[in-house]
Structures are given as C-alpha cells and as structure tokens.
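Have a look at the structure below, then the notes.
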Amino acid sequence: ARPAHDLHRRPGPPPPPPSKVGQTIAKFPGGINKLRSSLNSNFDTSVLTGNEGLLKSSLNLTINAEGKVINIVAKGDNEVFNKEAERAMKIANGDKVWIPATEKGIPKETGFYIPITMQFAAPEIKK
C-alpha cells in the first residue's frame, strides 16, 4: 500500500510535446512576406460595402508533397470576405511551387494556416 501522503500529491507538469526533429514546414517561394504581399495586391476590396468594420478570416491551405496548393478554404464570419480571400489566395499561388513540408527528409502533404484581418470603416460624413 502507498503511504497516505502520496495519495494527495498533485501530478507533475505534463510531459513535453513529441520532438519535431526531422520535420520541416512548407515554404512559399520568396517567403511568407512575399505571399502576404501577393495576397494583398490581389484582394479586391470593392466586393465589400466598405462599412463592415473589422473582418477576420483564417485561410487554410493544403500543400501536397510536390509543393502544389491543392485546396484553399477560408473560415470567418463574413462569407463575401471569405470568398474573396480564397480567390485572392488562389491567384497569389498561381502556378507557384512551394518547397514542400518534409518528415525525415521525405516530402509530405501538409496544411498551412494564414490569418487575415482587414479594417473597413464607413466614410466620415462632413457637416
């Protein structure tokens, strides 16, 4: 039987997460800033009314083992914003080939997440 004082001990900290040794993430040619810049320049804000306020969307991309984007899904509260984010990301990727993610040196399909936030304010009314 265990001593009574052992029954009241709190468990220690959780074990560390598994090591990611040997894994790399997918990389856009030219880097993430180039991808963001291309996304911004292809985003058509005229599809929105301009008074939506703060809009957020999460762009989730699937990049296959060959480095091609095979799926783009945007999730957020404004469907028009989401659709435009998907369209702009599709153009930004175009025929670009990413450096695929790897595990132990072997290219593998992976997901890639990019948050997007834009502020749309109603124009000021002058008196």
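The values are calculated or read from the model by the stated rules, or taken from the named source; none is laboratory data. Worth saying up front: this structure is predicted, and the values here are computed from it rather than measured. Because the Cβ atoms are built from the backbone with ideal geometry, glycine has one as well, and the counts that use them run over all protein chains shown. Side chains are part of the model used for accessible areas, which takes the heavy atoms of the whole protein and leaves out ligands, DNA and RNA. Shrake-Rupley method; radii C 1.70, N 1.55, O 1.52, S 1.80 Å.
Of note:
- Residue 97 - accessible surface, heavy atoms, 1.4 Å probe, Å² rounded to 10: 80
- Summing Lys and Arg as +1 and Asp and Glu as -1 over all other residues whose Cβ lies under 14 Å from the Cβ of residue 29 gives a net charge of +3.
- Computed over protein heavy atoms with a 1.4 angstrom probe, the accessible surface ordering of 44, 95, 77, largest first, is 77, 95, 44.
- Among the GluC sites (Glu not before Pro) within segment 44-111, those in coil by DSSP and having at most 11 neighbouring Cβ atoms inside 10 Å are 66.
- Convex hull of alpha carbon positions in segment 22-78: directionally averaged projected area 5.4 nm².
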